[in-house]
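Novice: Encoded as structure tokens, here's the structure I'll be asking about.
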Amino acid sequence: MQYKSDTEALQDFVSKYNQLTKEISKVIVGQEDTVKNVLISVFSKGHCLLVGVPGLAKTLLVNTISDALGLSFNRIQFTPDLMPSDIIGSEILDEDRSFKFIKGPLFANIILADEINRTPPKTQAALLEAMQERQVTAAGKKYVLDTPFFVLATQNPIEQEGTYPLPEAQLDRFMFNVWLDYPKFAEELQVVKLTTANLQVSLNKILNAQEIVFFQDLIRKIPVADNVIEYAVKLVNKTRLNSEYTAEVTKKYLLWGAGPRASQYLIIGAKAHAAINGKFSPDIEDVKAIAIPILRHRIVLNYKAEAEGVSVEDIIKQLMQ
């Protein structure tokens, strides 16, 4: 991809992003914030956890995004009997009596980890190396995954019977924790009209893998003012009980605060948020725009917060004031 300058490349990125959201809206009705957050995580080299009740088009959303991005896509349905080798792959003895590695479904650009909390910790942990290192290890040998690589996982918040809650270390690997809500009445009308008629929607491929990697690197190059970085790091420090910036609301309602990865994601996410809005550098408003889905799964409420019905979102909003 040849551009005269980074400014020209950024303008093309904004154009491609707008085309992408337009394509996705052919299939996905509403859910603009969800689509925006998933795309920000894609262009930030992050992973995304989608939490919502059944029927909110979580799987369809991921499918649609992979179609519009022109990337390889695999869906893994997580179940209690799923083993690490079922997702990574395994060695088999071929007809020449030599061992051959058969790649599992993890070898794709976009992985939909459907109902990730339904599988035991052993299999959840098999995703950790892939999410962090972009590689897997099988029989002592490392296999590098395709680039770009994203895990978009879904979780049902209602049914907790027969589930294995994600450990904090794995939750921390997800850039965003996005809550999907029920559609508005007008949106649900449109959904019903679209899905109960014999309509075939074909999506145009807006970006390919090479272009996505280029734009990911372009976003990393965006400069950030020191005061914006200080704001992001201070916001994360406010969630910690032993910090010099600990907030009163933290002392009252929190058990654990966010780690350094939250600060990193706030800045890279702010860069991507600024870029999709055509800005050449993020400001504090860009940090605030993506703070809730980044911090939501990184802070732990104490019993007092739960007893008084104080939500994580309420606390994050107070910390941003």
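The values are calculated or read from the model by the stated rules, or taken from the named source; none is laboratory data. As the structure is a prediction and not an experimental result, all values here were calculated from the model. Reconstructed Cβ throughout: ideal geometry from the backbone, glycine too, with neighbour counts over all protein chains shown.
Novice: Of all residues in the range 282-312, which are part of a helix (DSSP H, G or I), under 15 Å from Thr250 (Cβ atoms) and within 20 Å of the chain's Cα centre (by Cα)?
Specialist: Correct list: Ala291, Leu295, Val312.
Novice: Only residues that are buried (at least 21 other Cβ atoms within 10 Å of the Cβ) and in contact with a strand residue (DSSP E or B) (Cβ under 9 Å, 6 or more places away or on another chain): list them for the range 12-38, please.
Specialist: Thr34, Asn37, Val38
Novice: Whether any residue in the range 148-169 is surrounded by 14 or more Cβ atoms within 10 Å (Cβ to Cβ), within 28 Å of Ile284 (Cα to Cα) and polar (S, T, N, Q) is what I want to check.
Specialist: Within the range 148-169 (the criterion being surrounded by 14 or more Cβ atoms within 10 Å (Cβ to Cβ), within 28 Å of Ile284 (Cα to Cα) and polar (S, T, N, Q)), the answer is no, since none of the residues qualifies.
Novice: So Ile87 fits all but one of (1) out of contact with any strand residue (DSSP E or B) (no Cβ under 8 Å at 6 or more places or on another chain); (2) of a type in the set (Val, Ile, Thr); (3) buried (at least 17 other Cβ atoms within 10 Å of the Cβ); what number is the exception?
Specialist: In the conditions (1) out of contact with any strand residue (DSSP E or B) (no Cβ under 8 Å at 6 or more places or on another chain); (2) of a type in the set (Val, Ile, Thr); (3) buried (at least 17 other Cβ atoms within 10 Å of the Cβ), Ile87 misses (1) alone.
Novice: Further, regarding this structure: Residues Ala262, Ala258: which one is in a loop (DSSP other than H, G, I, E, B), outside the structural domain of Thr64 (by TED's automatic domain parsing) and under 21 Å from the mean Cα position of the chain (by Cα)? Give the steps one after another, and end with the answer.
Specialist: Values: Ala262 fails: in a loop (DSSP other than H, G, I, E, B).
After ruling out the rest, the residue left standing is Ala258.
Novice: Among the residues of the range 103-126, are any among the acidic types (Asp, Glu), assigned by TED's automatic domain parsing to the domain that holds Leu56 and either in a helix (DSSP H, G or I) or at pLDDT below 80 (or both)? Give the steps one after another, and end with the answer.
Specialist: If we filter the range 103-126 for residues that are among the acidic types (Asp, Glu), which is where we start, we get 114-115.
Add one more test, that the residue is assigned by TED's automatic domain parsing to the domain that holds Leu56, and what stays is 114-115.
Of the ones still in play, those that are also either in a helix (DSSP H, G or I) or at pLDDT below 80 (or both) are none.
Within the range 103-126, none of the residues are among the acidic types (Asp, Glu), assigned by TED's automatic domain parsing to the domain that holds Leu56 and either in a helix (DSSP H, G or I) or at pLDDT below 80 (or both).
Novice: Right, something else. Is at least one residue of the range 129-145 at pLDDT 80 or above, assigned to a loop (DSSP other than H, G, I, E, B) and surrounded by fewer than 20 Cβ atoms within 10 Å (Cβ to Cβ)?
Specialist: Yes: one or more hits.
Novice: Moving to a separate point now. Pick from the range 239-256 the residues that are among the polar types (S, T, N, Q) and touching a Lys or Arg at 6+ places or on another chain (Cβ under 8 Å): which of them is surrounded by the fewest Cβ atoms within 10 Å (Cβ to Cβ)? Can you show your working first?
Specialist: Keep residues of the range 239-256 that are among the polar types (S, T, N, Q), which gives 239, 242-243, 246, 250.
Filter once more, keeping what is touching a Lys or Arg at 6+ places or on another chain (Cβ under 8 Å): 239, 246, 250.
On the way: Thr239: 25, Thr246: 16, Thr250: 21.
The residue in question is Thr246.
Novice: Give the residue that is surrounded by the fewest Cβ atoms within 10 Å (Cβ to Cβ), with candidates limited to residues of the range 270-316 that are without any contact (Cβ under 8 Å) to a residue 24 or more places away in the chain and of a type in the set (Ser, Thr, Tyr).
Specialist: If we take residues in the range 270-316 being without any contact (Cβ under 8 Å) to a residue 24 or more places away in the chain and of a type in the set (Ser, Thr, Tyr), then Tyr303 is surrounded by the fewest Cβ atoms within 10 Å (Cβ to Cβ).
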